[in-house]
Amino acid sequence: MMMETLPEWVIQLAYLLAAVLFIQGMRDMTHPRTATRGNFTSAMGMLLAVGVTVLWFELVSPVVLIAGLVVGSVVGVGLAVRVEMTEMPQLVGVFNGFGGGASALVAGAELIEFQTAGVVTSLPAETAIAAAASGLIGAVTFCGSLVAAGKLHGVVNGNAIRYTGEQVVKVALFAISILLGAYLVVQPELFAEYLQGEWVPAYWLLLGAASLLGIALVISIGGADMPVVIALLNSYSGLAAAGTGFVLNNTALIIAGTLVGAAGMILTVIMCESMNRSLSNVLFGGFGEEADSEEMDDIYEGNITETSPEEIEMLLDVANRVVIVPGYGMAVAQAQHAVAELAELLDENDVEVEFGIHPVAGRMPGHMNVLLADADVPYDKMKELEEINPTFSQTDVVIVTGANDVVNPQANESDSGPIAGMPVLNVGDARTVIVNKRSLSPGFSGIANPLFAQDNTNLLFGDAKDSMQELVNNYKENN
Amino acid sequence: MTLVFNLTLFVLTAFLGYSIITKIPANLHTPLMSGSNAITGITLVGAVVVAGSGSSRLATAFGFLAVVMATVNVVGGYLVSHKMLNQFHKGSEA
């Protein structure tokens with residue numbers, strides 16, 4: 001099938017070097033200072049791996065190949081240049097889906113090769129296993145990622161779409177995919193008469209079932225759980241690539257795919273832990289309660305103190321330390337530049353200012369950090385939950401904007417309810433808490449937030465962007 | 001034997017990946033994801049092989065589609081990572 005024009009060991013060594021570059025690139029990602037270089041190193045590894053493959057396999061149809069590379073590059077560059085930082089999760093989702101889809105197609109094309117080559121009448125078991133695995137995972141990743149991206153972009157209903165028997169549907173689709181995969185591997189003698197070597201149709205059926213499974217899995221998950229979904233699908237696309245590596249006996253694919261699989265899996269676990277929910281609860285459990293308006297009235301009635309930008313400005317004038325807690329609502333309102341400007345102004349007036357960032361504040365792991373970095377907030381001012389929590393008791397003013405569940409003290413206090421045990425930012429320990437929100441409506445969990453009713457909490461009602469801009473203007477006038 | 005060799009590679013890389021990735025700070029999780037995502041595009045290598053070998057028209061067609069998708073993944077992934085990481089640099093200089 002493939003004719004190497006150079007000895008096998010040359011290309012294998014090149015793949016080894018590429019793998020080393022990927023690993024070194026990831027090691028450089030451990031610090032913002034070296035991360036850009038790391039990304040570049042990794043890209044060089046990719047260039048090497050692809051370049052070597054193109055040059056050293058005797059290719060029958062280079063035109064097809066070059067056309068594919070050109071089309072893909074143009075589309076990739078176009079998407080990457082145009083994307084806004086707020087849209088990053090859906091774009092990464094789409095890229096991810098393409099990676100998974102490519103894996104599934106490569107395994108399929110390889111099966112066709114086996115069939116047309118006509119040398120073998122039955123597939124080698126390991127090729128069949130790996131092809132089935134990369135087809136299943138690849139198709140789930142492709143369709144799941146596109147649905148997730150659609151939800152994030154608002155073209156697919158962002159709510160968790162639930163229906164009776166949905167678990168049965170998912171289990172059935174999964175079972176069908178596994179059976180088709182098993183059929184590919186076993187090639188039962190029973191059918192051998194008619195189906196000798198006809199493994200390709202089974203593979204397409206497998207892709208169909210797995211695609212439906214990917215859609216069914218993600219459609220029933222709410223938009224706010226997308227950080228977990230995107231991380232998990234990222235892991236899957238890595239595993240699909242590793243699976244393809246098993247099909248093709250290609251070490252570069254196995255190493256790179258496994259690294260990505262591990263990265264996605266670790267991020268998935270981090271996201272689940274920061275919501276104190278199990279992965280199966282995120283994927284199958286459904287989340288959130290119907291808002292209980294009576295309970296909310298009980299908690300909020302007569303206990304809500306409203307404030308104004310003028311009052312907050314006076315508080316900030318005498319503050320030594322301010323912590324800003326941004327939530328996704330801030331990003332939706334495009335308020336990050338106003339918030340960053342406020343932080344800069346405070347900093348110029350020798351107020352210590354830091355950002356407390358909950359792991360699930362954005363729509364993918366680390367998304368909030370990227371949004372703030374885009375608004376010129378220095379990364380050393382962004383603090384993780386464990387780091388910022390002990391400092392709230394020495395903080396004069398906390399400004400919460402566009403966040404709700406991640407600052408809800410019920411997570412620590414009550415033993416039941418959707419967010420019980422979830423690690424939250426204990427902003428109530430600060431001297432004064434300012435909560436900027438459009439209304440008292442509940443967050444994703446659907447429960448009331450007793451923080452809003454605390455004596456040291458003042459609410460600034462209004463759109464995050466307008467409110468923060470007003471605060472900035474007020475602060476400028478008086479300083 | 002190849003299966004065992006491949007499995008060895010898989011397991012060792014998984015451990016290596018775990019030890020590196022747990023050290024990456026939350027600040028960089030999004031670029032990590034888009035960057036590692038770009039690495040998934042390594043499937044491109046496989047796609048190149050099947051698209052170029054051209055022994056059947058159908059395989060070539062799927063190979064072509066796979067090359068397009070994997071290239072979008074690789075090129076786009078690295079570019080958006082670079083774009084994001086540049087923001088972090090800008091922030092630290094300010």
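The values are calculated or read from the model by the stated rules, or taken from the named source; none is laboratory data. Quantities reported herein were computed from a predicted structural model and do not represent experimental measurements. Cβ: placed from backbone, ideal geometry, glycine included. Neighbour counts: every protein chain shown.
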Among A:G197, A:G158, the single one that is within 14 Å of chain B (Cβ to nearest Cβ) and at pLDDT below 85 is A:G197
In the range A:313-330, which residues are in a helix (DSSP H, G or I) and either among the aromatic types (F, W, Y) or crowded, with 23+ Cβ neighbours inside 10 Å (or both)?
A:L316, A:Y328, A:M330
Under 6 Å by Cβ, and 6 or more places apart or on different chains, what pairs join a residue from the range A:323-342 that is within 10 Å of A:L372 (Cα to Cα) with one that is outside any helix (DSSP H, G or I)?
A:P326/A:T401; A:Q336/A:A375; A:H337/A:A375; A:A340/A:A375; A:A340/A:D376; A:A340/A:V377
Which one of these does A:E295 not meet: (1) of a type in the set (D, E, K, R); (2) within 14 Å of chain B (Cβ to nearest Cβ); (3) within 34 Å of the chain's Cα centre (by Cα); (4) farther than 21 Å from A:L385 by Cα?
(2)
The one condition A:S73 fails out of (1) closer than 21 Å to B:S81 by Cα; (2) more than 7 Å from chain B (Cβ to nearest Cβ); (3) touching a Ser or Thr at 6+ places or on another chain (Cβ under 6 Å) is (2)
Within the range A:387-405, how many residues turn out to be surrounded by fewer than 21 Cβ atoms within 10 Å (Cβ to Cβ) and in contact (Cβ under 8 Å) with a residue 12 or more places away in the chain?
6
Does B:V80 count as farther than 14 Å from A:V75 by Cβ, at the interface with chain A (Cβ under 7 Å from one of its Cβ atoms) and either of a type outside the set (F, W, Y) or under 11 Å from the mean Cα position of the chain (by Cα) (or both)?
no
Subset of the range A:48-63, residues modelled with pLDDT under 85 and more than 8 Å from every other protein chain (Cβ to nearest Cβ), comes to A:L55, A:W56, A:E58, A:V63
Return yes or no: is A:N436 buried (at least 22 other Cβ atoms within 10 Å of the Cβ) and closer than 23 Å to A:A375 by Cβ?
yes
Pick out the one residue from A:A242, A:A262 that is buried (at least 24 other Cβ atoms within 10 Å of the Cβ), facing chain B (nearest Cβ under 7 Å) and either aromatic (F, W, Y) or closer than 15 Å to A:G100 by Cβ (or both).
A:A242
